[in-house]
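Engineer: Mind looking over this structure? Questions follow.
The values are calculated or read from the model by the stated rules, or taken from the named source; none is laboratory data. Predicted, not measured: the structure shown is a model, and the values here were computed from it. Methodologically, a virtual Cβ is constructed for each residue, glycine included, from the backbone with ideal geometry; neighbour enumeration extends over all protein chains shown. Heavy atoms of the whole protein, side chains included, go into the accessibility calculation; ligands, DNA and RNA do not. Shrake-Rupley method; radii C 1.70, N 1.55, O 1.52, S 1.80 Å.
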Amino acid sequence: MVLEGRVHKFGDHIDTDVIIPGPYLTQSDPAFLAQHCMEGIDPDFPRRARPGDVVVAGRDFGTGSSREHAVLALKGLGIAAVVAESFARIFYRNAINLGLPVVTAPEAARAARDGDRVRIDLDRGTVEVNGQVFPAAPFPPLLQQLLLGGGLVPFVQARLRQASRSAG
């Protein structure tokens, strides 16, 4: 699986309250949440972001509460992936569960600048920034299938339907 997009660069310790502020947590509609994504740190981000763009950040992206709303807000904007030096464990798991690729690639995250083009190869475990290729943790085939399937719940539902058809 290969993803390509334009970089939106953020720093270290971007927590879930920055990704989607608390007052909006009464909603779960990704389109609504997208309108407020990153508004505390970059109010223009929702207007600049385009489907297929990639968020690149420093250390500990997604720290804070375990809310899935942060991932939903990014997906609502059409963000294709997040590349970071490191991720908070619960954000990483929520992203995978909801079908948002999260790529740990410290060197690529440090090299990327706002507006750069990035190419992510989940099979090979590489992130290319401005023609320079950096290593990333590759995604195993099963996780790639889960991401392509839209996340954990749609993936499992599809598998159950498939098993039901095979059994009947």
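Engineer: May I ask you to say which residue of 118, 153 is under 24 Å from residue 72 (Cα atoms), open to solvent by 80 Å² or more (accessible area, probe 1.4 Å), in contact with a helix residue (DSSP H, G or I) (Cβ under 9 Å, 6 or more places away or on another chain) and not in a loop (DSSP other than H, G, I, E, B)? Steps first, please.
Structural biologist: Values: 118 fails: open to solvent by 80 Å² or more (accessible area, probe 1.4 Å).
Just one listed residue meets the conditions, 153.
Engineer: I've got another one for you. Checking residue 79 against (1) touching an Asp or Glu at 6+ places or on another chain (Cβ under 7 Å); (2) in a strand (DSSP E or B); (3) not polar (S, T, N, Q): exactly one of these is not met. Which one?
Structural biologist: That leaves (2) as the condition not met.
Engineer: Does residue 35 satisfy being of a type in the set (S, T, N, Q) and at pLDDT 95 or above? Spell out how you get there, then give the answer.
Structural biologist: Values: of a type in the set (S, T, N, Q): yes; at pLDDT 95 or above: yes.
When the stated conditions are applied, residue 35 passes them.
Engineer: Return yes or no: is residue 59 in a loop (DSSP other than H, G, I, E, B) and under 16 Å from residue 102 (Cβ atoms)?
Structural biologist: On the way: in a loop (DSSP other than H, G, I, E, B): yes; under 16 Å from residue 102 (Cβ atoms): yes.
So residue 59 passes the test.
Engineer: Going by the conditions given, is residue 104 more than 16 Å from residue 37 (Cα to Cα), over 15 Å from the mean Cα position of the chain (by Cα) and at pLDDT 95 or above?
Structural biologist: no
Engineer: Taking region 55-72 as the search range and keeping residues that are closer than 17 Å to residue 150 by Cβ and among the aliphatic types (A, V, I, L, M), which one is most open to solvent (accessible area, probe 1.4 Å)?
Structural biologist: Taking region 55-72 and keeping what is closer than 17 Å to residue 150 by Cβ, we get 68, 71-72.
Narrowing the set further to residues that are among the aliphatic types (A, V, I, L, M) leaves 71-72.
Working: 71: 0, 72: 38 Å².
Looking at residues that are closer than 17 Å to residue 150 by Cβ and among the aliphatic types (A, V, I, L, M), I get 72.
Engineer: So, one more: Taking residue 52 and the conditions (1) open to solvent by 40 Å² or more (accessible area, probe 1.4 Å); (2) in contact with a Gly (Cβ under 6 Å, 6 or more places away or on another chain); (3) assigned to a loop (DSSP other than H, G, I, E, B); (4) in contact (Cβ under 8 Å) with a residue 40 or more places away in the chain, which numbered condition does it fall short on, given that it satisfies the others?
Structural biologist: (1)
Engineer: Further question: I need the full set of residues from region 121-143 which are open to solvent by less than 60 Å² (accessible area, probe 1.4 Å), modelled with pLDDT under 95 and touching a Gly at 6+ places or on another chain (Cβ under 9 Å), in order please.
Structural biologist: 137, 139
Engineer: When you scan region 140-166, how many residues do you find that are touching a Pro at 6+ places or on another chain (Cβ under 9 Å) and free of Cβ contacts under 8 Å to residues at least 12 places away in the same chain?
Structural biologist: Residues that pass the stated criteria total 0.
Engineer: Look through region 26-49, keep the residues that are open to solvent by less than 50 Å² (accessible area, probe 1.4 Å) and part of a loop (DSSP other than H, G, I, E, B), and return whichever of them is farthest from residue 100 (Cα to Cα).
Structural biologist: Among those that are open to solvent by less than 50 Å² (accessible area, probe 1.4 Å) and part of a loop (DSSP other than H, G, I, E, B), it is 42.
Engineer: Could you grab the pairs with beta carbons closer than 6 Å, sequence gap of 6+ or different chains, first residue in region 1-19 and over 22 Å from residue 68 (Cβ atoms), second one open to solvent by 40 Å² or more (accessible area, probe 1.4 Å) and part of a strand (DSSP E or B)?
Structural biologist: Hits for this filter: 4/119.
Engineer: Restricting region 82-115 to residues that are of a type in the set (S, T, N, Q) and in a helix (DSSP H, G or I), which is surrounded by the fewest Cβ atoms within 10 Å (Cβ to Cβ)? Even if it seems obvious, please write down each step before you answer.
Structural biologist: Going residue by residue through region 82-115, those that are of a type in the set (S, T, N, Q) are 86, 94, 97, 104.
Imposing the further condition that a residue be in a helix (DSSP H, G or I) reduces the set to 94, 97.
Details: 94: 23, 97: 15.
Ranking the candidates gives 97 first.
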